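Right, one structure below, let's go through it.
Bear in mind these aren't lab numbers, they're just calculated from the coordinates by the rules spelled out. Remember, it's a predicted structure, so these values are computed and weren't measured experimentally. All Cβ positions, glycine included, derive from the backbone under ideal geometry; neighbour counts span all protein chains shown.
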Amino acid sequence: MSTTSLGNGNGGRNQPQTQNGGRHKVLLRVLVAGVVGAATFLLSGLLNQEDDNLWEWTMSISLGCAVLIVQYLVDFGERFEKVDQGFAEILAATELFSQVDGSVLRSEEVTRLVLGYTRVREQGGDIMQAFAEKELGRLARMMEGLGSGTADCPGENHEWLIDLTDCTKMTLDATSTSVDREFWYSGPAERYLAAQEKAIRRRGVEIRRLFIVRTEDEVTPELRSLCDDHRRRGIDARIAVRSLMEANPRVSDFIVFDGELCHETKPDQENNPDSTLLSADPDHIEDHITQFTDLWAEAERQQTPRVTSET
């Protein structure tokens, strides 16, 4: 109801102003035509010394009418240009929505976005409008990035983790290094694990997570407890020690969703999360799948002697 009442209120205030503006324009055009006609009459009077002033009247009236017609033609041209621009915008919008209808993205979500932004522009205050424009710009940049195959953002993006987990249908392979070790004891981590547990139970997603440490001293009771918590949720979690690896595989903090999208956490100089990268580049994905396969094999090899010795 608030939207309707605002629209009616604005219409009631704007209609008299529009009518007054139109009347002022008409009066101004007539006044200009009259001034031109009078000036023409005086000038023709000075040039024509005969007593008959019929020619003077004819010239002044004709020129005044011509000026009035020219003003209306100019105004018509301006209006036609605006109408033509409006048609061009409508055609562009129609083409855009036709592309959206044929894409994976549901057109109703795009419609909701546009309508929501319009309501903010109509009803929101300055700070709300500024915030909406900033968020819309952020979303546009992310969509442009995803369209080209990559997207990034500063620091960690926990919402990306949860949303991507909700979209995963088959597999989720992840490494966890010292870059994100503190993350597992935070509130967003609990939401992330809850989303993974739901993906396992409801969609049968297979999730593997490999915790990588540098030395055996870093395999603490806290880390073992963290692995046990993952396993209780249905996640195949293991620990790999770099100093015990036979090979020297490259190690980074990443997640591969469904073998199609790679999520990477980039560290800064102090090994803290600095930025997050999403990539759908096939070569990039294949490289990280190979990296995970090698690291997972190392973790299995490290577990085998321990199992044998205990037996």
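Considering the zone a paramagnetic label at residue 113 would reach in this model (a point 7 Å from Cα along the Cα-to-Cβ line), which residues of the stretch 121-147 have amide N under 14 Å from it? The answer is 133-147.
As a size descriptor, the averaged projected area of the C-alpha convex hull of the stretch 106-194 was calculated at 8.2 nm².
Estimated from the Cβ-Cβ distance and a Förster radius of 35 angstrom, the FRET efficiency linking residue 231 and residue 146 is about 0.60.
Be a star and scan the stretch 246-264 for residues whose amide nitrogen sits under 13 Å from the point 7 Å along the Cα-to-Cβ vector of residue 294. Residues 246-252 qualify, since their backbone N sits under 13 Å from the label point.
Subtracting the Cα-Cα distance of residue 171 and residue 201 from 0.36 nm times their residue separation leaves 9.5 nm of extension gain. Taking 10 °C and 1.306 mPa s as conditions, the stretch 202-251 diffuses translationally at an estimated 132 µm²/s according to Stokes-Einstein applied to its Kirkwood radius (Cα pairs). Suppose R0 equals 30 Å. What FRET efficiency, 1/(1 + (r/R0)^6) with r the Cβ-Cβ distance, do residue 286 and residue 134 give to the nearest 0.05? Between residue 286 and residue 134 the formula returns 0.25. Over all directions, the projected convex hull of the C-alpha atoms in the stretch 108-148 averages 2.8 nm² in area.
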